[in-house]
1. May I ask you to list the residues in the stretch 119-136 that are crowded, with 19+ Cβ neighbours inside 10 Å and in a strand (DSSP E or B)?
2. What is the residue count in the stretch 137-160 for residues that are more than 11 Å from the chain's Cα centre (by Cα) and either of a type in the set (Val, Ile, Thr) or closer than 25 Å to Leu202 by Cα (or both)?
3. Enumerate the pairs (first residue in the stretch 158-180 and closer than 17 Å to Leu78 by Cα; second residue anywhere and modelled with pLDDT of 90 or more and surrounded by fewer than 18 Cβ atoms within 10 Å (Cβ to Cβ)) with beta-carbon separation below 6 Å, excluding pairs fewer than 6 apart on the same chain, so at least 6 apart or on different chains.
4. Identify all residues within the stretch 7-58 that are modelled with pLDDT of 65 or more, in a loop (DSSP other than H, G, I, E, B) and more than 28 Å from the chain's Cα centre (by Cα); write none if there are none.
5. In the stretch 161-212, which strands (runs of 3 or more DSSP E) lie fully inside it and hold 1 or more residues that are modelled with pLDDT of 95 or more and under 18 Å from the mean Cα position of the chain (by Cα)?
6. Give the stretch 176-215 a look and list any residue that's buried (at least 16 other Cβ atoms within 10 Å of the Cβ), within 30 Å of Leu87 (Cα to Cα) and of a type outside the set (A, V, I, L, M, F, W, C), or say none.
7. Given the condition surrounded by 14 or more Cβ atoms within 10 Å (Cβ to Cβ) and among the aromatic types (Phe, Trp, Tyr), answer yes or no: does some residue in the stretch 235-245 qualify?
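The values are calculated or read from the model by the stated rules, or taken from the named source; none is laboratory data. Remember, it's a predicted structure, so these values are computed and weren't measured experimentally. Because the Cβ atoms are built from the backbone with ideal geometry, glycine has one as well, and the counts that use them run over all protein chains shown.
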Amino acid sequence: MDLPDDEHLQWAHTELGEPDAFFRISRARFLTKLLFGVLLLLYGLVANYLWWVHGPATFGHFELLLLVFLPLSGATLLLHMYRNRGLYVLIYPTGLLRLRRGEVDSFPWAEIAHIQLKVQRATGAEITHGTDGTPTACWIPVDVPTFKLWDAGLTVLREDGVEAHFGSALTDYDQLAEQVQTRTFTALWPRVREQFFAGERLAFGELEVGFAGLRHNGKLLPWRELKELVIAQGKLSIKQTGKWLPWVLIDMASVPNPHVLFALVGEVQHTFSPPRREPKPDRAGQQDKE
């Protein structure tokens, strides 16, 4: 694998060896997005001047789009590209290495507490199973937006609180998101599965998963009534059997470890059944038997 001529990259290659995967922001993509952002800002300045100085000076939804949303999108795009300049991401068997403008941060897979995904739509997760039927890998496919780079992103949080954000401006961002999900899944899944079948309730942000079903803000959705989990318009949609509207909608970016959540729900629905507890006979029933 040929790495760019950067001293930190060469140091990583010398000390850690050749990475399994390497991601960066290509110069062509950076310049293209930069130019597009500048053009949107210039358009906003000219359009607002002509509209408010020489135009009718009325304001509605159409004007909001042309005079505010488009130039604001340009500013957001420029800010996004500025934050990601000089960013390199290296994937190793032991963890992830982030190099950014002279800073070096390592995120060992075993020390990552959770990841968060900003994804707009997905019909489900991709899950691979071992010979015994248990999940061995799970990831949620992500889209790479052409323009709205802020609609996608991946955040990795280490146990000590250090976090790193990776945007969709990186080359092969979809492959980076898959790599991070599959490798963190291997580290997180055994403990999550053990806790669940030990009877613990597991929190995924606002959502709780337990033997009884899914809980959100005091509401319970029993497993037998759960239809599916899908992602639409950046929201996690939990659908209930026999209902038209979703049982709940949750912002995807606020759900920690969504790939583990999808795997756990799939495990319960299709492979395992939570143990049923036999009801205890009442006092009268016991007396009748005696």
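1. Of the stretch 119-136, the ones crowded, with 19+ Cβ neighbours inside 10 Å are 119, 122, 125, 135.
Scanning the stretch 119-136 gives Ala122, Pro135.
2. Summing the residues that are more than 11 Å from the chain's Cα centre (by Cα) and either of a type in the set (Val, Ile, Thr) or closer than 25 Å to Leu202 by Cα (or both) in the stretch 137-160 gives 8.
3. His165/Thr155
4. Across the stretch 7-58, the qualifying residues are Gly17, Gly55, Pro56, Thr58.
5. Passing ranges, in order: 202-204, 207-210.
6. Passing the criteria: Glu178, Gln179, Gln181, Thr182, Arg183, Thr184, Gly205.
7. Filtering the stretch 235-245 down to residues surrounded by 14 or more Cβ atoms within 10 Å (Cβ to Cβ) leaves 235-240.
Filter once more, keeping what is among the aromatic types (Phe, Trp, Tyr): none.
There is no residue in the stretch 235-245 that is surrounded by 14 or more Cβ atoms within 10 Å (Cβ to Cβ) and among the aromatic types (Phe, Trp, Tyr).
For every residue, the table says whether it meets (1) polar (S, T, N, Q); (2) at pLDDT 90 or above; (3) touching a helix residue (DSSP H, G or I) at 6+ places or on another chain (Cβ under 8 Å); (4) not in a helix (DSSP H, G or I).
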{"site": "His80", "(1), (2), (3), (4)": "no, no, yes, no"}
{"site": "Arg85", "(1), (2), (3), (4)": "no, no, yes, yes"}
{"site": "Tyr88", "(1), (2), (3), (4)": "no, no, yes, yes"}
{"site": "Ala110", "(1), (2), (3), (4)": "no, yes, yes, no"}
{"site": "Leu117", "(1), (2), (3), (4)": "no, yes, yes, yes"}
